[in-house]
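Here the structure is laid out as structure tokens; the discussion comes afterwards.
The values are calculated or read from the model by the stated rules, or taken from the named source; none is laboratory data. Owing to the predicted nature of the structure, the values given are computational and were not obtained by experimental measurement. Cβ placement follows ideal geometry from the backbone for every residue including glycine, while neighbour counts extend to all protein chains displayed.
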């Protein structure tokens, strides 16, 4: 925050100095005017650079002050809405923006269960034996393991029935 105050002060001095040069130009000779215009141009460049620095610092302060908490809060909301794909993206964003933050550590603790939910959604949508096996391997004590085992039995029975029907016809 001190950098912000210093830059703001320098910016104010630069603007006042620029105004003083404009008043000097009114009573100056041609050579002095050329010299003063050059100095004004330099001050304007410095002023523009300071404006950019102030904007960058404000953005950085905002991100540091609110970024982690806001992202984590949004993550919690996405999980409660069962928006697991978006929640996983939010965790990865937290990691990129705030790799050492406590919120990032907390978010990564939720990642395993989010990935489990994403796999379960994929299983429900595609009913693939390979996905069922993947779930069994990764989450042998998972939330849906009982249903996964039942689905495996159902798929085996369906495949056996299809094979029987093909042989029969």
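Some values worked out for this structure:
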{"quantity": "Condition check for residue 96: exposed (fewer than 13 other Cβ atoms within 10 Å of the Cβ), in a helix (DSSP H, G or I), within 17 Å of the chain's Cα centre (by Cα) and not assigned by TED's automatic domain parsing to the domain that holds residue 154", "calculated": "yes"}
{"quantity": "Criterion (part of a helix (DSSP H, G or I) and surrounded by 14 or more Cβ atoms within 10 Å (Cβ to Cβ)) met by exactly one of 154, 115", "calculated": "115"}
{"quantity": "Selected residue (only one of 11, 81, 71, 15 is surrounded by 13 or more Cβ atoms within 10 Å (Cβ to Cβ) and modelled with pLDDT of 80 or more)", "calculated": "71"}
{"quantity": "Residue match in the range 119-128 (condition: more than 22 Å from residue 87 (Cβ to Cβ) and over 24 Å from the mean Cα position of the chain (by Cα))", "calculated": "yes"}
{"quantity": "Matching residues in the range 136-149 - criterion: being assigned to a helix (DSSP H, G or I) and either in contact with a helix residue (DSSP H, G or I) (Cβ under 7 Å, 6 or more places away or on another chain) or closer than 16 Å to residue 121 by Cα (or both)", "calculated": "136, 138, 145, 146, 147, 148, 149"}
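Condition check ((1) surrounded by 13 or more Cβ atoms within 10 Å (Cβ to Cβ); (2) at pLDDT 90 or above; (3) within 16 Å of the chain's Cα centre (by Cα); (4) under 30 Å from residue 153 (Cβ atoms)) across all residues:
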{"site": "38", "(1), (2), (3), (4)": "no, no, no, no"}
{"site": "58", "(1), (2), (3), (4)": "no, no, no, no"}
{"site": "66", "(1), (2), (3), (4)": "no, no, yes, no"}
{"site": "86", "(1), (2), (3), (4)": "yes, yes, yes, no"}
{"site": "100", "(1), (2), (3), (4)": "no, yes, yes, no"}
{"site": "139", "(1), (2), (3), (4)": "yes, yes, no, yes"}
